[in-house]
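Take a look at the structure set out below.
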Amino acid sequence: MKSKKNMVAMLLMLSATATNAQQHIQKAFEALLNEKYVEIKTQHSLERDPETGRKEGEMDVYDFELPAPTVKQRQLVKDIEKAFEKDKEEAYSLSSGSYGNNVSLAVGNGKSVSVGLGRIKGSRYIYACFLDKDDPEKKYRYAYAMEWAEKDKKTTVRLAKTYATTQKYRHGGKSIRKVIVNGKEIDVDGSSFSFGSGFPFDNSSVFDSDSIFFNHERSSESWLSEFNTYKNLFLKNPDGTAASHYATSIYKLCKNAKSLEKDEKRMVAREIAKLKTSTNDEFIQQLFLMSIKRLGE
């Protein structure tokens, strides 16, 4: 119990130094960590520049079990999911997935330490990245993540917070090209997109995910999760600059939908048909038609 109190106190102390962009997530984390649980392991690290004292990397990971979660504890897990939704407007990246769709959140410069998600059998996870608003260079970000699985009347949870440079800085040196989408100029940096100040994710790219995907063979669950993410992002602004990217990403998924069962393909096809009616862009409509055709092959 003493160890647990020390961990929660550490999280509270570290949270006080962060900006309030992710305030709902922080409070929801703290509420769950104050509950009774069985500790599996915790991991902490902190890196600073020896000359300036400036923080350059940080990691706080809590792995634990709720052996027989109460109604309150189940609600606290749901509260964390809701907290991500509440703070999403301040995030430049928000993603979710399930077991087998492995990702890794960087710590510091990302060269040695990272935090894995998608490794707990039967789990789901969600994570979000926020720029450090105290960093005038917009070089560093905070990432918050929760992974959880319910089995045999117990809930296994991983809560994680990391501090690192953004992927743009970790993958510096790439050539910058420009393309025109719907009359707007877009910077393309490798596989990353930067939409500038006009894009609603605060100068950082929603496509420039902080994570690294390790397995290329998607399960049907991870496929559906990724499709749902692109679908929801598209529906936020079906006539916006990023709409064609989300439509293309959906088409790319549909070209490799071997993991889906027939009923799942039919369900996805119905959802894509709905997407088609939400835009007047003929190119995007054609992409959706081809996506449906691919699912039927």
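The values are calculated or read from the model by the stated rules, or taken from the named source; none is laboratory data. Small disclaimer: the values here were computed from a predicted structure and weren't measured. Heads up, the Cβs are rebuilt from the backbone with ideal geometry, glycines too, and the neighbour counts pull from every protein chain shown. Accessible surface areas use protein heavy atoms only, side chains included; no ligands, DNA or RNA. Shrake-Rupley method; radii C 1.70, N 1.55, O 1.52, S 1.80 Å.
So which residues in segment 88-100 are within 17 Å of ALA149 (Cα to Cα), open to solvent by less than 10 Å² (accessible area, probe 1.4 Å) and in a loop (DSSP other than H, G, I, E, B), if there are any at all? Result: no residue meets the conditions.
The single condition among (1) closer than 16 Å to ALA164 by Cβ; (2) out of contact with any Ser or Thr (no Cβ under 7 Å at 6 or more places or on another chain); (3) open to solvent by less than 40 Å² (accessible area, probe 1.4 Å); (4) of a type in the set (Gly, Ala, Ser) that SER112 does not satisfy is (3).
Does any residue of segment 259-279 turn out to be buried (at least 17 other Cβ atoms within 10 Å of the Cβ), in contact with a Leu (Cβ under 6 Å, 6 or more places away or on another chain) and charged (D, E, K, R)? Within segment 259-279, one or more residues are buried (at least 17 other Cβ atoms within 10 Å of the Cβ), in contact with a Leu (Cβ under 6 Å, 6 or more places away or on another chain) and charged (D, E, K, R). Reported count of residues in segment 218-238, each being open to solvent by 70 Å² or more (accessible area, probe 1.4 Å) and over 15 Å from ASN256 (Cα atoms), is 4.
One residue alone among GLU58, GLU147, GLU85, GLU81 is at pLDDT 90 or above, out of contact with any Lys or Arg (no Cβ under 7 Å at 6 or more places or on another chain) and open to solvent by less than 10 Å² (accessible area, probe 1.4 Å), and that residue is GLU58. Would a scan of segment 244-252 turn up a residue that is touching a residue at least 24 places away in the same chain (Cβ under 8 Å), open to solvent by 70 Å² or more (accessible area, probe 1.4 Å) and touching a helix residue (DSSP H, G or I) at 6+ places or on another chain (Cβ under 7 Å)? No: segment 244-252 contains no residue that is touching a residue at least 24 places away in the same chain (Cβ under 8 Å), open to solvent by 70 Å² or more (accessible area, probe 1.4 Å) and touching a helix residue (DSSP H, G or I) at 6+ places or on another chain (Cβ under 7 Å).
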